[in-house]
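The values are calculated or read from the model by the stated rules, or taken from the named source; none is laboratory data. Computed from a prediction, not measured in an experiment: that's the story for all the values here. In this analysis, Cβ positions are derived from the backbone assuming ideal geometry, glycine residues included, and neighbour counts consider all displayed protein chains.
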Amino acid sequence: MNPIQFVFLAFLIIPFVEIYLLLQIGGIVGVFPTIALVVLTAIIGAGLLRQQGLATWQRFQDNLAKGTLPAYEMVEGPILLVGGALLLTPGFFTDIIGFACLIPPMRKKIAQYIIEKRLVQAGMPPQQQQSKTQPDVIEGEFRKED
């Protein structure tokens, strides 16, 4: 499926799912508790986003200081942003996806999937990338002769 088609389909389906869940939960617990739950998830999500964002930033800086590539941290940053935006969006479906983006083991799995997918698209199987410790470097000189 084309990414544009996926986003278009998500923009069509997610609001209906959100409205359905809000009506169902509102019918069970009432209007004001439902509103309180939506606000509470936004507050908890903002705190969790701050905590996880700072932890990811710290790991990013530690890896740079060690001289290693912070690949997971570079992928986890946008995942955290998406998760935070979804948690601030009113609704329970987006909250579930947002919390999944902010919980470290789930975020790590998502980042791993994204990194492996990009490696496969680049033509390198994930197993080959993991076994490599350093890229192949061939040193030499170049001279153009006419």
- Do any helices (runs of 4 or more DSSP H) lying entirely in the stretch 1-88 carry at least 2 residues that are in contact with a Ser or Thr (Cβ under 6 Å, 6 or more places away or on another chain), and which ones are they? 3-29, 71-88
- Item | Residues satisfying the stated conditions in the stretch 38-70, i.e. crowded, with 16+ Cβ neighbours inside 10 Å and either touching a strand residue (DSSP E or B) at 6+ places or on another chain (Cβ under 9 Å) or more than 17 Å from I96 (Cα to Cα) (or both) | G53, T56, F60, N63, P70
- Note on the structure: If you go through I35, I25, the only one that is surrounded by 12 or more Cβ atoms within 10 Å (Cβ to Cβ), free of Cβ contacts under 8 Å to residues at least 12 places away in the same chain and closer than 21 Å to G98 by Cβ is I35
- Across the stretch 110-142, what is the number of residues that are surrounded by 10 or more Cβ atoms within 10 Å (Cβ to Cβ), modelled with pLDDT of 65 or more and farther than 21 Å from L80 by Cα? 2
